[in-house]
2 protein chains.
Amino acid sequence: MLTIGEFSKISHLTLKTLRYYDEIGLLKPAFIDAKNNYRYYTISQLETALLIARLKSYLFSLEEIKVILANWEDTELLNLKMKAKQENLAQQITFYSSLSKKLKHDLQLLEEEKNIMGYLDQIEIKLVDHITYHIVSQRKQINTADFLLHFNELFSKILFENLSPIAKPLAIFHSSEYEPENYDVEIAIPLAMATHKTKVFNPGLCAMATLIGSYDELPSIHTKLHVWIDEHNYQLNGAPFEVYQTDPYSTPEENHITEVYFPIK
Amino acid sequence: MLTIGEFSKISHLTLKTLRYYDEIGLLKPAFIDAKNNYRYYTISQLETALLIARLKSYLFSLEEIKVILANWEDTELLNLKMKAKQENLAQQITFYSSLSKKLKHDLQLLEEEKNIMGYLDQIEIKLVDHITYHIVSQRKQINTADFLLHFNELFSKILFENLSPIAKPLAIFHSSEYEPENYDVEIAIPLAMATHKTKVFNPGLCAMATLIGSYDELPSIHTKLHVWIDEHNYQLNGAPFEVYQTDPYSTPEENHITEVYFPIK
DNA sequence: GATTGACCCTCCCCTTACAGGAAGCATTAT
DNA sequence: ATAATGCTTCCTGTAAGGGGAGGGTCAATC
């Protein structure tokens with residue numbers, strides 16, 4: 001039997017960590033002396049400690065590790081979890097890479113003595129009278145992170161019903177508050193003919209800005225339009241919407257073209 | 001003037017977030033009504049909000065953003081911070097990549113129905129009688145993360161004093177507890193001749209294991225040796241040490257060769 | 001037998017960047 | 001006048017422990 005201090009030294013886990021693992025039930029000492037609450041560990045628990053350390057190095061959360069240990073015989077589960085983690089890492093890497101690219105771009109702006117928010121001043125805002133569409137649409141409360149999923153749903157519906165769009169898809173933002181977890185959005189596709197499934201979309205006069213580049217900038221475009229409307233003494237007259245001119249799957253991020261419209265009066 | 005609700009909607013920051021930014025002094029409302037504590041923001045604060053969102057998307061902490069905003073005119077500072085962040089991202093990417101490689105390796109083991117901790121059973125432990133060295137050394141309390149730095153310090157000292165090593169460098173671990181922030185380590189290099197700067201290093205009988213691969217596995221080797229010593233009824237007889245047979249800079253991680261010695265009796 | 005120093009215990013607060021919810025005013029719309 | 005929002009503060013919780021206080025316990029030494 002090893003005291004917590006000895007076990008800590010051998011396993012290379014701190015005392016704090018060991019007590020914490022005991023607390024959350026991840027690695028409970030083999031024996032606890034009832035009269036003084038001293039923790040005692042066995043030599044064989046060192047293996048578990050090493051395993052935990054290894055899974056931790058793979059960035060599994062302690063909660064995940066607990067599940068994996070509880071089903072240690074189930075190699076299928078471990079396999080699954082590891083593959084998921086692998087996928088996860090790949091996503092992280094692409095995320096960081098694209099971030100790094102953006103940072104590099106902004107650093108270049110800085111070298112040229114430009115403001116990194118300067119792109120905002122470049123955006124031109126136009127007054128347009130939007131034509132009337134017949135749209136099929138789906139309105140839902142969604143998490144902003146699942147935006148694309150929601151799009152696909154409608155797309156496949158359109159395809160399966162043999163309908164043919166006459167203009168690019170759009171998203172209409174009905175939310176009266178900003179809650180990213182619960183965003184009230186209507187995805188729509190304009191069709192050539194009115195049917196019983198379509199409805200009329202007639203935004204009328206709009207302030208419009210075109211964004212070329214990553215969707216990350218969309219919030220600033222919205223803000224910009226809000227400010228513009230305020231400064232020019234117009235008033236919002238309906239839900240803002242975005243028209244996606246490029247396919248988000250096949251187009252590289254920096255070539256995306258998005259039009260943002262704010263109906264006004 | 002905008003109420004917090006309006007500002008939230010336009011800036012795409014939640015109410016919670018805005019109140020929090022107020023609390024930590026990152027974005028204080030331009031005006032607070034003293035009689036009901038209502039927060040009011042100006043249109044121009046939207047710019048700040050956008051800037052904060054952008055810096056946040058670059059993974060700066062709110063504390064860092066506060067500093068950047070406070071010195072917004074100082075483009076030099078921003079430049080520096082961004083470069084540091086860039087460097088940071090690059091490190092993350094290499095870290096994740098190497099992790100992904102390790103995961104892939106372990107997944108392969110799993111496919112072959114092997115245990116991912118199996119490598120531990122492969123490690124052979126030998127009894128050796130270590131020869132006596134004359135060493136120059138530096139002993140320090142260091143953070144385990146700064147291990148390599150400490151090495152370099154001694155290396156350059158050796159170089160500048162024109163001493164020539166006769167064997168690979170080693171590290172002796174004196175710590176009696178495990179505290180990764182404050183690790184008592186002695187870095188040493190064996191020299192051919194005894195001088196007034198050298199001391200005798202004579203570990204005697206040792207249990208030894210050789211690790212081929214990433215330094216990540218070192219803790220498990222230590223554990224393994226501890227267990228072995230315990231099981232064979234030996235006793236620790238001095239501080240454990242590691243001999244680095246390969247240059248950590250020029251050797252790829254998976255080819256590192258490290259010998260771990262535990263003096264015993 | 002007493003003391004000392006090392007070792008162990010529990011309990012509480014701190015970290016990041018908020019989210020969730022309760023309880024209670026204030027404002028606005030009907 | 002009433003109801004529905006909108007705003008406020010305050011409390012709790014998150015992941016994985018770190019830092020430290022205050023106090024009990026163990027082994028070795030005097």
Residue count, segment B:52-89 (criterion: within 11 Å of residue B:26 (Cβ to Cβ) and at the interface with chain A (Cβ under 10 Å from one of its Cβ atoms))
1
Filter segment A:31-56 down to the residues that are of a type outside the set (A, V, I, L, M) and surrounded by fewer than 12 Cβ atoms within 10 Å (Cβ to Cβ), then identify the one that is nearest to DNA strand D (Cβ to nearest atom).
A:36
Quick test of your reading of the structure: residue B:104 fulfils all but one of (1) of a type outside the set (Val, Ile, Thr); (2) free of Cβ contacts under 8 Å to residues at least 12 places away in the same chain; (3) closer than 30 Å to residue B:61 by Cα. Name the failing condition by number.
(3)
How many residues, within segment B:188-235, are of a type outside the set (Lys, Arg) and assigned to a loop (DSSP other than H, G, I, E, B)?
14
Quick check on residue A:28: is it over 26 Å from residue B:226 (Cα atoms), out of contact with any Cys (no Cβ under 7 Å at 6 or more places or on another chain) and more than 10 Å from DNA strand D (Cβ to nearest atom)?
no
Complete set of residues in segment A:11-55 that are more than 8 Å from DNA strand C (Cβ to nearest atom), among the hydrophobic types (A, V, I, L, M, F, W, C) and assigned to a helix (DSSP H, G or I):
A:46, A:49, A:50, A:51, A:52, A:53, A:55
Which number in (1) within 11 Å of DNA strand C (Cβ to nearest atom); (2) in contact with a Ser or Thr (Cβ under 7 Å, 6 or more places away or on another chain); (3) more than 20 Å from residue A:227 (Cβ to Cβ) marks the one condition that residue B:64 misses?
(2)
If you take the residues in segment A:230-265 that are modelled with pLDDT under 90 and within 11 Å of chain B (Cβ to nearest Cβ), which one is surrounded by the fewest Cβ atoms within 10 Å (Cβ to Cβ)?
A:231
If we scan segment A:74-85, do we find a residue that is more than 15 Å from DNA strand D (Cβ to nearest atom), within 37 Å of the chain's Cα centre (by Cα) and in contact (Cβ under 8 Å) with a residue 24 or more places away in the chain?
yes
Across segment B:93-145, which residue is surrounded by the fewest Cβ atoms within 10 Å (Cβ to Cβ) among those that are of a type in the set (A, V, I, L, M, F, W, C) and part of a strand (DSSP E or B)?
B:127
Identify the single condition in (1) surrounded by fewer than 20 Cβ atoms within 10 Å (Cβ to Cβ); (2) within 12 Å of DNA strand D (Cβ to nearest atom); (3) of a type outside the set (Lys, Arg) that residue A:8 does not satisfy, given that it satisfies every other one.
(1)
Is it the case that segment B:136-148 has a residue that's without any contact (Cβ under 8 Å) to a residue 24 or more places away in the chain, away from every other protein chain (no Cβ under 14 Å) and either more than 16 Å from DNA strand D (Cβ to nearest atom) or among the acidic types (Asp, Glu) (or both)?
yes
All but one of (1) without any contact (Cβ under 8 Å) to a residue 60 or more places away in the chain; (2) away from DNA strand C (no atom under 16 Å from the Cβ); (3) among the hydrophobic types (A, V, I, L, M, F, W, C) hold for residue A:120, so report the exception by its number.
(1)
Count - residues of segment A:109-136 that are at pLDDT below 90 and of a type in the set (S, T, N, Q)
2
Are any residues in segment B:204-252 aliphatic (A, V, I, L, M) and more than 24 Å from residue A:44 (Cα to Cα), and if so, which ones?
B:205, B:212, B:243
Could you tell me whether any residue of segment B:147-156 is part of a strand (DSSP E or B) and either at negative phi or touching a helix residue (DSSP H, G or I) at 6+ places or on another chain (Cβ under 7 Å) (or both)?
no
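The values are calculated or read from the model by the stated rules, or taken from the named source; none is laboratory data. In this text the structure is predicted, and so the values were computed from the model without any measurement. Positions of Cβ are generated from backbone atoms using ideal geometry, with glycine treated the same way; all protein chains shown enter the neighbour counts.
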